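This report concerns only the one structure given below.
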Amino acid sequence: MSTPPRCADLSELAGEPLGATATNAENWLLVEVPGTWQRDVGDGAGLPEEDRRAAAEWLESTPSSRLLFIRRPGPARADGSLAFVVHAGESRAEVRRFELAAPGDLAATDLARGGEEIEARLVLVCGHGTRDACCALRGTAVYGALAQELGDDEVWISSHQGGHRFAANVLVLPVGVHLGRLAPESSIAVVADALAGRIRLPHYRGRVAYPARVQAAEVAVRSAEQLLAVDDLGLVAVDNALVRFRSAHGREHAAVVEERMGPSVPASCGADPEPQAGFGARVVP
């Protein structure tokens, strides 16, 4: 018996737009937790209670923040584990690295001010199989391809990033570029470009520093003007539906954003198909 189409297959076949679907968060707490994760870990579920409280306190006190678990395949390391606090703003990027005595050992860690600030790039491939099958199947394959090209401390499997149906999803930090619909054969070049500050629009979900409305305007302007370097555009203002940017050369660009209903597809594997709400934009003078 043939396997029924999964959510990522159906989304792509229906032509659901990928742009303006990036998860919006400027601050990220990445905690190395080996083994199989629970279905929902966004609040630290699966960590010891005191460490879960520490993660929850960081999330509550840090605006525009999100928690992800990260891991590598295979057994846990014998020499502790790592955590990272990442700021992925439009104009400021920062990575702080923490060495933990044990996986998820956050209770004794000063997440707000501690850690070692490092020059680092982190490539996170969603492979959260207990959350959605597409992330496990597509994400694991893409991780395998990227792991052959990148260093051990650069590429990780992550928990749910948002948007199962856009798998394989890859989040590149601290530049804050969210990518989707990657395959093993395409992922190496697309991720290499993102690490170098370049965007491939067919796989571009958006910048995590921007809310969805701004992402839609940004994608429209980049597509119209072929502004493909991350630093080519900076946000100037949002005035209701009108979003304005300034290019690296000082030219202003604007787009008008509107809500749109996308095709009727399941949001995740096993869900019923339903129209997917989103945003579109058109460039204006």
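Which of the residues spanning the stretch 202-217 are open to solvent by less than 40 Å² (accessible area, probe 1.4 Å) and in contact (Cβ under 8 Å) with a residue 60 or more places away in the chain?
His203, Tyr204, Arg205, Gly206, Arg207, Val208, Ala209, Tyr210, Ala212, Gln215, Ala216, Ala217
Which one of these is under 19 Å from Asn24 (Cβ atoms), modelled with pLDDT of 90 or more and not polar (S, T, N, Q): Ala93, Ala55, Ala45?
Ala93
Mind checking whether some residue in the stretch 267-275 is part of a strand (DSSP E or B), out of contact with any Pro (no Cβ under 7 Å at 6 or more places or on another chain) and surrounded by 15 or more Cβ atoms within 10 Å (Cβ to Cβ)?
no
Could you tell me whether Ala136 is open to solvent by 10 Å² or more (accessible area, probe 1.4 Å), under 29 Å from Gly262 (Cα atoms) and free of Cβ contacts under 8 Å to residues at least 40 places away in the same chain?
Yes: the conditions hold for Ala136.
Give the residues of the stretch 116-132 that are open to solvent by 30 Å² or more (accessible area, probe 1.4 Å) and either at pLDDT 90 or above or among the aliphatic types (A, V, I, L, M) (or both), sorted by residue number.
Of everything in the stretch 116-132, those that are open to solvent by 30 Å² or more (accessible area, probe 1.4 Å) and either at pLDDT 90 or above or among the aliphatic types (A, V, I, L, M) (or both) turn out to be Glu116, Glu117, Ile118, Glu119, Ala120, Arg121.
Got a number for residues in the stretch 67-93 being over 16 Å from Ala112 (Cβ atoms) and either among the hydrophobic types (A, V, I, L, M, F, W, C) or assigned to a strand (DSSP E or B) (or both)?
Residues meeting the conditions: 10.
Within the stretch 23-55, can you find the residues that are part of a strand (DSSP E or B), over 18 Å from the mean Cα position of the chain (by Cα) and either surrounded by 15 or more Cβ atoms within 10 Å (Cβ to Cβ) or touching a residue at least 40 places away in the same chain (Cβ under 8 Å) (or both)?
Leu47
The values are calculated or read from the model by the stated rules, or taken from the named source; none is laboratory data. Not measured: the values here are computed from a predicted model. When we count neighbours, we look across all protein chains shown, and the Cβ atoms used for this are built from the backbone with ideal geometry, even at glycine. The protein model used for the area step is the full one, side chains on, heavy atoms only, and it has no ligands, DNA or RNA in it. Shrake-Rupley method; radii C 1.70, N 1.55, O 1.52, S 1.80 Å.
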